[in-house]
Amino acid sequence: MQGAALAMTTSVAVAAAPHRTSFARLALRRILGGLLTLLVVSALVFVGTELLPGDAASAVLGRTAQPEQLAEMRELMGLDRPAVERYFDWLGSVLVGDLGNSAAGYAAGAEEAIWDDIRSPLWNTVILAAIVVALMIPLSLLLGVVAATGVGRLRDHAISLGSLAVVSLPEFIIGSLLIVVFFSWLDMLPPVSLVPPGTSPLERPEILVLPTLTLLGATLAGSTRMVRAGMLESLRSDYVQMARLNGLPERMVVLRYGLRNALAPAVQVFAQNIQYLIGGIIVVEYLFNYPGIGKELVDAVAIRDVRAVQSIAIVIAAVYIAVNIVADLVVVALVPRLRSGRA
Amino acid sequence: MPEALRFARSGTGAVGVAVLVFVLLVALFGPFVAPHSPARPIGIPYEGPSAEALLGTDFLGRDVLSRVLWGGRSVIALAGLSVLLAYAGGLAVGLAAGYSRGLLDPILMRSADVLLSLPALLFLLVLVTGLGSSRTVLVVGVALIQMPLVARIIRSATQTQSVRGFVEAAAARGERTSAILGRELLPNIVPTIAADVGLRLTYAIILVASVNFLGLGLQPPDADWGLMVSENRSGLNLNPLAVLAPVTMIALLTIAVNMVGDAVARQQGVSAIEVGART
């Protein structure tokens, strides 16, 4: 027993050096793959938003526009050139951080850079998402462990049934219910989360409570279920049995042996949930009138501001893909044996 | 009880079926028993409940109860259609990819990965920007989002089955590929489909309702539960029922579908809920 353990440690030590380079190579490969995916996605977004022949110029000028006006606006917006040329032009400027000008800006008679429009919404969204993630991870670990260690008891049934119900609710349903309870009935929290321009949502933290609770409800249920499943599996394993037989205190068995080995699958679930959050945030920002990137996107879609939709979409897609890569790499860092295969 | 209905014997299964039947009855027969027209005002906006309007009136003074009774058909029909379409496409792609020994498999699966690398809602919004809001865009969009997920599941089930004796025997008898896929493989992946379909439906309902809520799906004056929540938000302190009623119906619908799906999956011995409703 002792000898085997020793042999294992030495083999790990010996293998450690080549592992480090292979981790760097793996990271590089995943990042390059992500950039390639982003390239394909950018083409998808470009084609998808321009499927209809009716273009942004006519959306800006409305139905009463004269042909000459349309031609002039198309030239101003650069729409008179072939689609392929415009795509590569757009891609090139996105790469150097220039997202182009919004159609809404042209409609107002000025060239308005999309980047200037979305900088502060993007920041607002980051604040909201960061708070949700910072609460979601410890809470789902806690609830998952509590449910898994009390399997078959009341607390497990309550958590499992509750999460089965909440996991299937759309965010706008969770959010609307919270608004009815905390605004209509208790009159404790504001139903809308307006942020005056030039101020930070953190100056009035009460407006963040309901959006955060909504997104937590939407993501916590799923991740709690997965942490519970992972914990159950690892609590049934040989090494946990062994730790118990060795007389270790139950708390230590659960945390040091059980939870640690349930962490790697949990990281993937957290990544899925963060990705899911990106979709959910669009709905929640619209529900609460919170001036973030999701609300900006919905507004742009509603007025068919093609250029703004394309640019916001590519920013969101980039974050989405990046979260995926980071999660993969964290999992590989946690579970070294995954490094050998093409994880 | 027939074998196929045994899932209803579990606790969540029975509750799920009962709630689901209730919601489906409301959606299907509601329009026949609605006391008022869903389109014409019967009073002033945001009136509280009265004998005339049991759930009060909405932002235009229309009867909330009548609009709730009318408003379930759209989301159920659109979500159902999109799941059917997703399975039609996903089955074809998954069977072909799973049975293929050549380049077809990697090509199909890489394309699926690309579709999955955009957040679902973002994908729908991009389509709406390009094609405008319509029922067709909603159905096709939601189907396209689900198709790669269905294809992945069908593919791995097909791969598992295709190395089994009866499939290899059929191949050795010289049967056509279409016959092998249809007669030998398809019946054996039915349990996989049964375990998955509840999840797909829940997800489709969530997406359709959310897009309607954002005002980018069905357009006013259509009566639709998702749209109603969005329309009546501003009158929450006057008549909260105008929001609560459609919210409750959507919640009952998604929870019931998920519960039934979970019970069916568990009966098939497949833990479909593992990833939650939103894979």
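Quick notes on this structure:
- Positive-end residue, region A:232-324 charge dipole about Cα centroid, Cβ charges, pick of A:Met252, A:Asn324, A:Gly294: A:Met252
- Counting only Cα atoms, region A:241-343 measures 67, 35, 13 Å along its principal axes, largest extent leading.
- Working from label points 7 Å from Cα in the Cα-to-Cβ sense, the A:Trp185 to B:Ser37 distance is 3.6 nm.
- Restricting the calculation to Cα atoms, region B:100-200 yields a radius of gyration followed by a Dmax of 16.9, 52 Å.
- Distances between placed amide hydrogens fall under 5 Å for A:Asn101 paired with A:Ile114, all partners being 5 or more residues away or on another chain.
- Cβ crowding within 10 Å ranks B:Val140, A:Val301 as B:Val140, A:Val301, fewest other Cβ atoms first.
- Note that region A:152-164 has calculated 3J(HN,Hα) couplings of x, 8, 4, 5, 5, 4, 4, 5, 5, 5, x, 6, 5 Hz, one per residue in order, obtained from phi through the Karplus relation 6.51 cos²θ - 1.76 cosθ + 1.60 (θ = phi - 60°); glycine and proline are x.
- Three-way shape label, region B:211-263, alpha-carbon gyration tensor, a/c 1.5: oblate
- Of the trypsin sites (Lys or Arg not before Pro) in region B:142-246, those whose Cβ has at most 13 other Cβ within 10 Å and which sit in DSSP loop: B:Arg164, B:Arg173, B:Arg176
- From phi via Karplus (6.51, -1.76, 1.60), per-residue ³J(HN,Hα) for region B:93-98 in Hz, x at Gly/Pro: 5, x, 4, 4, 5, x
- Here the gap between B:Leu104 and B:Leu186, fully extended at 0.36 nm per residue and compared with their Cα-Cα distance, gives a gain of 27.6 nm.
- Counting every other Cβ atom within 10 Å of each residue's Cβ, B:Met228, A:Met242 order from fewest to most as A:Met242, B:Met228.
- Ranked list, fewest to most other Cβ atoms within 10 Å of each Cβ, for A:Ser160, B:Ser234, A:Ser234: B:Ser234, A:Ser160, A:Ser234
- Whole-Hz Karplus values for region B:227-240 come out as 4, 4, 4, 5, 5, 9, 4, 6, x, 4, 7, 8, 9, x Hz, taken residue by residue from phi with 6.51 cos²θ - 1.76 cosθ + 1.60 and θ = phi - 60°; glycine and proline positions read x.
- Charging the Cβ of each Asp and Glu at -1 and of each Lys and Arg at +1, and nothing else, the dipole of the protein assembly as shown about its Cα centre rounds to 2640 debye.
- Rg and Dmax of the protein assembly as shown, Cα atoms only, in Å: 26.2, 87
- Alpha carbon convex hull of chain B, volume per residue in cubic angstrom: 149
- Debye, to nearest 20: dipole size of chain B, +1 on Lys, Arg Cβ, -1 on Asp, Glu Cβ: 600
- Dipole magnitude of region B:119-247 about its Cα centre (Cβ charges: Lys, Arg +1; Asp, Glu -1), debye to nearest 20: 360
- Amide proton proximity set for B:Leu55, modelled H, under 5 Å, gap of 5+: B:Ser50, B:Val64, B:Leu65
Coordinate-derived values only; no laboratory data. All values reported here derive from a predicted model rather than from experimental measurement. Here Cβ is always computed from backbone atoms with ideal geometry, including for glycine, and neighbour counts include all displayed protein chains.
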